[in-house]
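J.: Have a look at this one.
The values are calculated or read from the model by the stated rules, or taken from the named source; none is laboratory data. Just so we're clear, the structure is a prediction, and the values are computed from it rather than from any experiment. Cβ: placed from backbone, ideal geometry, glycine included. Neighbour counts: every protein chain shown. Surface areas here come from the heavy atoms of the whole protein model, side chains and all, with no ligands, DNA or RNA. Shrake-Rupley method; radii C 1.70, N 1.55, O 1.52, S 1.80 Å.
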Amino acid sequence: MDTSNIIYLFDMIGIIACSVSGTLLARAKNFDLMGCILVAMVNAIGGGTLRDVLLNRHPIFWMVDMNFLVVITVTSLIFQAFFNETERVGRWLKLTDAIGLSAFTLIGLKVALSYGANYPVAILMGIATSIVGGMTRDIICNEIPLVLQREIYITASIVGALLYFLLQHLSVIGWLADIMTMLVVFTIRMLAVYFNWHLPSIRLRH
Amino acid sequence: MDTSNIIYLFDMIGIIACSVSGTLLARAKNFDLMGCILVAMVNAIGGGTLRDVLLNRHPIFWMVDMNFLVVITVTSLIFQAFFNETERVGRWLKLTDAIGLSAFTLIGLKVALSYGANYPVAILMGIATSIVGGMTRDIICNEIPLVLQREIYITASIVGALLYFLLQHLSVIGWLADIMTMLVVFTIRMLAVYFNWHLPSIRLRH
Amino acid sequence: MDTSNIIYLFDMIGIIACSVSGTLLARAKNFDLMGCILVAMVNAIGGGTLRDVLLNRHPIFWMVDMNFLVVITVTSLIFQAFFNETERVGRWLKLTDAIGLSAFTLIGLKVALSYGANYPVAILMGIATSIVGGMTRDIICNEIPLVLQREIYITASIVGALLYFLLQHLSVIGWLADIMTMLVVFTIRMLAVYFNWHLPSIRLRH
């Protein structure tokens with residue numbers, strides 16, 4: 001069974017989710033039409049771009065597959081034209097964003113490993129693919145990155161990565177490892193959203 | 001007719017304009033002598049640097065042509081030493097900045113196409129060369145990037161790119177296409193400044 | 001005499017100092033456990049990463065020597081767990097940070113020169129290695145970069161670089177040039193801290 005189509009589908013769902021949230025934040029900051037599209041792009045493909053640059057992987061993924069730029073631009077335009085009430089999309093956004101997180105993490109891991117990265121670097125590349133886009137969006141919009149504060153993004157990505165390495169060591173067949181990794185990342189993220197989980201700060205001595 | 005000298009001249013005018021506006025903003029933020037030079041550099045060559053990194057074009061352009069670093073440093077020092085009243089330079093800055101935009105866009109396009117980029121990627125590289133420096137300057141100085149808000153920068157760059165592609169398809173001779181592209185970018189930008197044009201947000205449903 | 005061990009030691013001292021200051025600032029901004037580690041990483045290895053990307057030096061240094069990621073993570077965890085009072089570490093932080101600055105500058109210079117960079121580019125790479133991590137930390141935390149304002153960081157780095165070039169021209173033996181360069185950078189920085197030196201803004205006309 002080939003999971004590449006599923007991963008690609010989830011990737012695109014994540015790209016759409018990032019385009020929407022980038023567009024919404026950019027609009028809240030009174031960016032113009034083009035500014036919103038640009039923030040959507042940064043949010044959607046910024047993480048993967050940093051990953052590719054750090055791994056010296058050229059051409060960058062969105063330079064060879066035009067679907068990324070097209071999907072982001074169309075999504076941003078649609079949302080700028082038709083959606084004013086951000087509340088309406090909130091729940092869908094959390095869901096699609098979690099799907100994206102699962103795909104971004106897995107893609108980051110697989111790309112890094114295929115470029116000879118060891119486990120710690122692969123984990124970092126999974127995290128980078130998942131969160132650097134959103135971080136850069138927040139930085140451009142002059143906000144402190146939410147993802148570093150109280151959202152279990154990085155943790156979900158790390159747990160997924162550790163599971164993926166474990167499944168590889170157990171020689172679990174590829175497609176099953178892919179699916180399980182994405183499922184675990186998605187589930188942790190959705191549970192965190194549902195139960196409003198935050199990773200605590202650790203302070204052992206007071 | 002070889003336009004490379006004209007492009008280089010316009011490029012340098014843009015570099016000087018960016019150095020001035022970078023220095024002015026950095027000074028308004030109380031950055032010290034070196035901090036102002038660094039912000040001037042980011043503003044002037046940040047966009048082209050990102051373009052070269054994304055296209056895997058090494059060495060980066062300012063590593064082989066020392067004129068860039070020298071011109072930026074000298075410009076920043078002169079402005080730090082002699083100009084206190086920013087109002088005086090406002091009009092000249094808008095003009096030289098528009099000249100720079102036209103050169104940056106054209107150079108971004110030409111470099112991208114020479115590295116095998118397709119049209120959408122080339123447009124993005126033209127935009128990146130033109131605006132990423134100013135964006136990064138604003139981010140360092142903790143301001144929301146002006147260029148994404150109400151200024152027709154990106155639009156001028158895109159229209160210029162589309163014209164350039166069209167002229168190529170019409171087999172218009174190279175130097176004429178170069179000049180026309182820069183002229184159109186410059187004109188759109190100056191008209192936007194003159195008439196205080198802004199790209200509207202689009203909202204079809206209320 | 002081989003100075004590579006001393007440079008490596010000073011490098012690690014600087015990495016630890018950056019991890020501590022990154023963690024402290026991230027915590028002040030209420031970042032969670034993982035957010036603090038990530039800011040510590042950006043602070044400690046962000047500058048060297050940009051240097052490697054600009055020089056097309058792959059793999060990036062922390063991808064082949066795992067000590068960097070391990071030391072940063074452990075340092076950040078220890079500080080998150082055991083240190084609440086930032087005042088206590090203030091003096092030690094200034095000292096270790098200055099040691100780091102001397103190592104970062106020298107490493108940046110040596111790497112750049114070994115990749116064929118000329119003097120101005122090598123100076124810039126020394127500065128980039130030294131300050132881009134702290135700048136990016138401040139940008140992520142939505143602060144105006146301290147390093148560009150009133151701290152003699154860049155100046156210490158430049159003076160060290162000029163001395164290093166001079167010693168090379170005088171054919172001073174390698175280990176002595178290394179030690180003297182680091183000593184001068186360290187001394188300038190510590191004097192600046194001790195006497196509260198700032199680089200003035202230059203304004204010749206009022």
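J.: What Rg and what Dmax come out for the stretch C:37-96 when only alpha-carbon atoms are used, in angstroms?
T.: Final numbers for Rg and Dmax: 13.8, 41 Å.
J.: Treat each spin label as a single point 7 Å out from the Cα along the C-beta direction, and report the C:T3 to C:M180 distance in nm.
T.: 0.9
J.: Then there is this: Counting only protein heavy atoms, what percent of the accessible surface of the stretch C:115-163 is carbon or sulfur at a 1.4 Å probe?
T.: Heavy-atom surface of the stretch C:115-163 belonging to carbon and sulfur, 1.4 Å probe: 66 percent.
J.: Of A:I6, A:F82, A:V42, which is farthest on the positive side of the dipole of chain A, counting Cα position, with +1 on Lys and Arg Cβ, -1 on Asp and Glu Cβ, and the Cα centre as origin?
T.: Ranked along the dipole, the leading option is A:V42.
J.: At a threshold of 8 angstrom on Cα-Cα distance, excluding pairs fewer than six apart, so keeping six or more, what relative contact order does chain A reach in percent?
T.: Rounded, it is 25 percent for chain A.
J.: Now, a different point. Provide the buried accessible surface between chains C and A in square angstrom, both chains summed, 1.4 Å probe, rounded to the nearest 100.
T.: Roughly 2700 Å².
J.: Return the FRET efficiency for the residue pair C:F82, C:N30: r is the Cβ-Cβ distance, R0 is 25 Å, and the value is rounded to the nearest 0.05.
T.: Efficiency computed from Cβ-Cβ geometry: 0.85.
J.: Grab the beta carbon distance between A:V193 and C:V193, set R0 = 41 Å, and tell me the FRET efficiency rounded to 0.05.
T.: So, using R0 = 41 Å, E works out to roughly 0.35.
J.: Grab the alpha carbons of the protein assembly as shown, take their convex hull, and tell me the volume per residue in Å³.
T.: 169
J.: Next question, about the same structure. Could you please tell me the mean projected area of the C-alpha convex hull for the stretch B:5-113, averaged over all directions and given in square nanometres to one decimal?
T.: Projected area, direction-averaged: 6.7 nm².
J.: So, one more: Once phi is turned into ³J(HN,Hα) by the Karplus curve 6.51 cos²θ - 1.76 cosθ + 1.60 with θ = phi - 60°, what whole-Hz value does each residue of the stretch C:160-170 show in order, with x for glycine and proline?
T.: Karplus values, whole Hz, x for Gly and Pro: x, 5, 4, 4, 4, 4, 4, 5, 5, 5, 7.
J.: Find how many whole Å separate the alpha carbon centroid of the stretch C:135-166 from the alpha carbon centroid of the stretch A:2-76.
T.: 33
J.: Would you calculate the convex hull of the Cα atoms in the stretch A:112-180 and tell me its volume per residue in Å³?
T.: 93
J.: Still on this model: Between A:V172 and A:L95, what's the calculated FRET efficiency when r is the beta-carbon distance and R0 is 30 Å? Round to 0.05.
T.: 0.65
J.: Go through the stretch A:125-150 and flag every residue whose accessible area shrinks by 40 Å² or more with all protein chains in place compared to the isolated chain (probe 1.4 Å).
T.: Residues shielded by partner chains are A:I139, A:I140, A:N142, A:I144, A:L148, A:Q149.
J.: Here is a follow-up. Distances over 31 Å make up what percent of all Cα-Cα pairs in chain C?
T.: That fraction is 17 percent.
J.: Taking +1 at the Cβ of each Lys and Arg and -1 at the Cβ of each Asp and Glu, which of C:G116, C:L101, C:L69 sits farthest along the dipole of the stretch C:60-121 towards its positive end, judged by Cα position relative to the Cα centre?
T.: So the residue we want is C:G116.
J.: Counting heavy atoms of the protein chains only and a 1.4 Å probe, report the per residue accessible area for the stretch C:1-73 as a whole number of Å².
T.: 33
J.: In addition: With the radius of gyration and the Kirkwood radius both derived from the Cα set of the stretch B:20-63, what is their ratio Rg to Rh?
T.: 1.11
J.: Here's another thing I want to ask about it. Given the rule -39500 (n - 2.57) for each run of at least 4 DSSP H residues, summed and divided by the residues of chain C, what is its mean residue ellipticity at 222 nm, to the nearest 500 deg cm²/dmol?
T.: Mean residue ellipticity, 222 nm, calculated: -26000 deg cm²/dmol.
J.: Here's something else I'd like to know. Which positions within the stretch B:1-50 get 40 Å² or more of their accessible surface covered by the other protein chains, compared to the chain by itself, with a 1.4 angstrom probe?
T.: Buried on complex formation: B:R27, B:N30, B:F31, B:D32, B:L33, B:M34, B:L38.
J.: Okay, moving on. About the Cα centre of chain A, what is the dipole size in debye to 20, counting +1 per Lys and Arg Cβ and -1 per Asp and Glu Cβ, all else neutral?
T.: 500
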